[in-house]
Structure formats: structure tokens, C-alpha cells
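Down below is the structure, laid out as C-alpha cells.
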Amino acid sequence: MTSMLLDLTAEARQLRPSIGDIEPALREAARRTWLGRMINEHGSAPVFDGLARQLEAAGVAADLVAECRTMAEEERTHGALCGAVVEALGGEARAEVDTPRPLPEHRDVAPLEGVLRNVLSVCCLSETVAVAQIDAERLEMPEGELRELLTRILADEVGHARFGWRFLGSVVPALDAAARARLATYLRVAFASLEQHELSRIPARTTFPPGAASYGLCDGAAARGLFYATVHEVIVPRLEQHGLPARAAWEARRSRRAA
Amino acid sequence: MTRFEIHRRALRAAAAVSLTLGLAACASNVVVGPDSDGDEPNTTASSGGGSDSSTVASTASAGGDGSTSVATGAGGAGGAAAGPCADVMHDWQAYAACCDENGWAVEAGCVAWGPPVPPSLEMEEVA
């Protein structure tokens, strides 16, 4: 995989929040965490650009395509906002990043069913988890510019998740039994991918010193717990309400080709 | 606000965004049950009958200040750390080394927000 330079210093320096005094060890941990977030958020923009292209190709209404393009722009803005925190912590909003991978085309199914898989994974799974995580982190922060910045990001993520659930709700009822079965199979793969992605970024057995939550540093065990709670208490029941066998898909996520 | 209450509110926000008008009214609520924080094996699903049935209203909004009438019970998975990486948080180099040992992608951030590229079925077949 090739890499490229992501340089958001110009935008980020315009957006720097006031951070205040922070002890050096904590500052470094916070700086690297927010740099990671900058990369992660900015890297999500091509995902939404790709979704927009696939939605358009599938003949979905133009306003939904436009909404998806707006979400891509929002992810770029989030990258700059996270970079602004890096700058406020004395770092530089600049990093070497992997070049974006294309979205899977799912050529084994019709375009609408294919893009539904991707929307399910991106919006209904990942972004719904993100809403819970960001809201929890925000609530642990004291009032201030950093919390305001996080609130702004959260507002957009709410929109991204809602988009996915709306789209799912409009497409799934028209699927025949075979298509639902195929979606259930994909859901198992998507759950496995979600879990792997989340856990690889949430250290399991670490706690930061008191006050770390003020800078967006999370308690790994608590974050993992919230992730699983979001899956079990929100995502799975809601997908079941849409007629998808989500509980079985989650339980089978570690067994290949079993669902 | 305790971490328990924070997580309950965060789950309500997530439940609110997942609500769509197309669902039948009798099934349009996701019930956020008692705090089940912790690693997956001990986490129980709750889709309609938790003992602390705090039903998510369709009008709930993420970050809203809706009341949370849950009992306090802070603790859970947010408790004390254990294991070899438990005491390294004041020393960034030690923390980074610990992450390396455990294969944690700390450079990607403590919590991954932005969605990654979705998987394909073919990816599973070659894994």
C-alpha cells in the first residue's frame, strides 16, 4: 500500500481550541491520540465519496447522493478539527497516511443491494458506535472549547448514522427473501470487521491519570464496554426490527461462512 | 455524572439515531437495558425487557439533556487497570512500548471514530 502526506496545518491553525496547562506526559499522549483521530477522520472522507458514487450509480435519489457528498466534506472538516487539537497541544497537523482504498463493489449483487451493504457497514454499524463513543467522551469533558469542538463533530456523526438507518429502512422492506439472506451473510462479515477495527484501536487494559478525560483520552476497558453495549443494546435490536437476523449474525461473526 | 450515567446517555443517543419512521409503532423502540459494560462474553443483549427499561423516545437527540433516571452504579469496566500495561500512563514511551507489545494501533487514536472502508465478502474468503 502506498502512502501520502496529509498536511492540514493551514486549516488546523485557524481552528485551534484553547487547551490550557497540561502535564507533559499527558500532552504527548493527547497529541498522538488526536493526530490519530485526524488521520482517521480525514481518511473517512473518501469512504463517503465512494458511497456517494455508488448511490448515484444505483439510481438513488439525487438528494441522498448530495447528502452523502456533504458527509464526506464533514469528515474532512473533522480531520481539520482534530488537527487543530494537535496544534493546540504543540504538535503539527501533518502525517504520512496510507492512500485510500476503494470501497468494495459487491459485484455479486445488484448495485442497490451492493451499496446497501456498504451503507450498513459504514453508517448503521461504525457511525452508530461513533455516536455513542463521542457522546460519552464529550460528557466526560468539562465545559470548554475542546468540548465544543467535540460537540460539533458529534452533531455531524449523528447525521451520518441517521442517514444509514433511514436508507436501510427505505430499502430493506423491498428486498426478497434471497436478498435478505445475502444481507444477513454480509452482516456477519461486517460485524467481524467492526469488532476487529474497534478493538484494534481501544487498548484493553489501560487507564489514564485523573483528568485525562478532559483531553479526550479514554479508559480502554470502559470504551470497549460501551462498544459492546452499543452493539447489543442498540444495533442488534434495531436491525432485528428491520427483519434482519442480526443476533445470529453477531453470534456467528467469528465463524467463517457459517451464517 | 457517573460513568454509568454517561454510558446510559450515550447509548440513548445511539438508539435515537437508529430510529426510523418505517418501523412499526409497536416495535419502534430499542430498550436500553441495565449497564452491561464489560468485555463481550459477559455482555447480555436487551431488546425489549431489561430490568431497567429506559425506553428511548423517538424524539431523543444525541447530546440532548434528556433526563436519565438510572440508578447509579458506577464502576464496571471503567475500574482499575490490571496487567502489564496498567501503570505506564505517566510515561509515554512505556505506554507506546506497551501498545506495540499488544498490537494496539495507538496511532489511530484511542477510539476509532471515522468509519473504515467496509469489508467485502471476498475479503473473508481470502482471510
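The values are calculated or read from the model by the stated rules, or taken from the named source; none is laboratory data. Worth saying up front: this structure is predicted, and the values here are computed from it rather than measured. Don't worry about glycine lacking a Cβ; one is built from the backbone with ideal geometry, like all the others, and counts go over all protein chains shown. Please note that ligands, DNA and RNA were not included when accessible areas were found on the heavy atoms of the full protein model with its side chains. Shrake-Rupley method; radii C 1.70, N 1.55, O 1.52, S 1.80 Å.
Please verify whether A:T230 is surrounded by 23 or more Cβ atoms within 10 Å (Cβ to Cβ) and polar (S, T, N, Q), treating the condition exactly as stated.
yes
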So A:W34 passes all but one of these: (1) closer than 18 Å to A:V171 by Cβ; (2) open to solvent by less than 10 Å² (accessible area, probe 1.4 Å). Which condition number does it fail? (1)
How many of the residues making up segment A:210-224 are surrounded by 23 or more Cβ atoms within 10 Å (Cβ to Cβ) and aliphatic (A, V, I, L, M)? 4
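Answer yes or no as to whether A:L120 is under 22 Å from A:A179 (Cβ atoms) and outside any strand (DSSP E or B). Walk me through it before giving the result.
Numbers: under 22 Å from A:A179 (Cβ atoms): yes; outside any strand (DSSP E or B): yes.
For A:L120, the condition - under 22 Å from A:A179 (Cβ atoms) and outside any strand (DSSP E or B) - is met.
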Taking the criterion of being at the interface with chain B (Cβ under 7 Å from one of its Cβ atoms), in a helix (DSSP H, G or I) and open to solvent by less than 20 Å² (accessible area, probe 1.4 Å), would at least one residue in segment A:237-246 satisfy it? yes
In the list A:T128, A:T99, which residue meets the criterion of being under 20 Å from the mean Cα position of the chain (by Cα), at pLDDT below 95 and of a type in the set (S, T, Y)? A:T99
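Any residue in segment A:173-181 that is facing chain B (nearest Cβ under 10 Å) and in a helix (DSSP H, G or I)?
yes
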Over 26 Å from A:V231 (Cα atoms) and surrounded by fewer than 24 Cβ atoms within 10 Å (Cβ to Cβ): does that describe A:G90? yes
With A:R27, A:R53, A:R69 as the choices, which residue is in contact (Cβ under 8 Å) with a residue 24 or more places away in the chain and either open to solvent by less than 50 Å² (accessible area, probe 1.4 Å) or of a type in the set (D, E, K, R) (or both)? A:R27
Looking at A:L112, is it part of a helix (DSSP H, G or I), more than 8 Å from chain B (Cβ to nearest Cβ) and crowded, with 21+ Cβ neighbours inside 10 Å? no
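From the list A:E127, A:E105, which residue is closer than 21 Å to A:G43 by Cβ, at the interface with chain B (Cβ under 9 Å from one of its Cβ atoms) and open to solvent by 10 Å² or more (accessible area, probe 1.4 Å)? So that I can check it myself, show each step before the final result.
On the way: A:E127 fails: open to solvent by 10 Å² or more (accessible area, probe 1.4 Å).
Residue meeting the stated conditions: A:E105.
If we keep just the residues of segment A:137-157 that are open to solvent by less than 10 Å² (accessible area, probe 1.4 Å) and closer than 12 Å to A:S214 by Cα, which is nearest to the chain's Cα centre (by Cα)?
Among them, the one singled out is A:L150.
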